[in-house]
Structure formats: structure tokens, C-alpha cells
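Structure first, then comments.
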Amino acid sequence: LLGGGVKRGQVIGRTDDVGATVADRPVSCADFMATVCTALGIDPNKEQHLPDGRPLPIVEKGGKCVDEVFA
């Protein structure tokens, strides 16, 4: 990530010796999207509504911002 108040030169989590498996601090796609939304000033818990009125979450339910990436 770059910009949006993100700290430079850091690593979040850890993989195994060959980088094939997450060993510590996994980040889901929903977590990543919540983090991007937060960096852009968008509330990741907000919903948009489709033309027929159905709610459409901006980020999949359960996604949490990875706060460690921000300065």
C-alpha cells in the first residue's frame, strides 16, 4: 500500500520459510478492503442501496481495518 497515511517499509504478519503459508496475522480480503476504504475516508461498515432498495455492503461483513498500517 502507498499513500493515504500508510506507514512505509513495514510488514504485517509472517509466512513460513518459503512464503507459501501464512504463519502469523492473516489478513482476509474483507480486511484488506476495509483498510483501503478507511485510507480513502470511506466508512467500511456503510451500505449502498441498489435501485430496488436492497442493501449492498461496501465491504463484506466481518472485515476489519488493519490499523497497524497507518502512521
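The values are calculated or read from the model by the stated rules, or taken from the named source; none is laboratory data. Small disclaimer: the values here were computed from a predicted structure and weren't measured. Here the Cβ is made from the backbone with ideal geometry for all residues, glycine too, and neighbour counts use every protein chain on show. Accessible surface is based on the protein model in full, side chains and every heavy atom, while ligands, DNA and RNA are left aside. Shrake-Rupley method; radii C 1.70, N 1.55, O 1.52, S 1.80 Å.
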Determine the gain in length on full extension of the stretch residue 22-residue 70; use 0.36 nm per residue of separation and subtract their C-alpha separation, reporting nm with one decimal.
-> 15.1 nm
Place a +1 charge on the Cβ of each Lys and Arg in the chain and a -1 charge on the Cβ of each Asp and Glu, then give the dipole magnitude about the Cα centre in debye, rounded to the nearest 20.
-> 160
Mean Cβ neighbour count within 10 Å, used as a protection proxy, ranking 29-35, 11-17, 61-67 highest first = 29-35, 61-67, 11-17
Would you mind checking the tilt of helix 29-39 against the longest principal axis of the Cα atoms of the chain, expressed as 0 to 90 degrees and rounded to 10?
-> 80
Using every alpha carbon pair in the chain, what percent of pairs falls into each 5 Å bin from 0 up to the bin containing the largest distance?
-> 3, 16, 20, 19, 17, 11, 6, 4, 2, 0
Between residue 2 and residue 45, what is the spin-label point distance in nm, taking each point 7 Å from the Cα along the Cα→C-beta axis?
-> 3.3
Probe 1.4 Å, all protein chains in place: accessible area of residue 58 in Å², nearest 10?
-> 60
Per the 1.4 Å probe, what fraction of the accessible area of the chain, in percent, lies on carbon and sulfur atoms?
-> 56
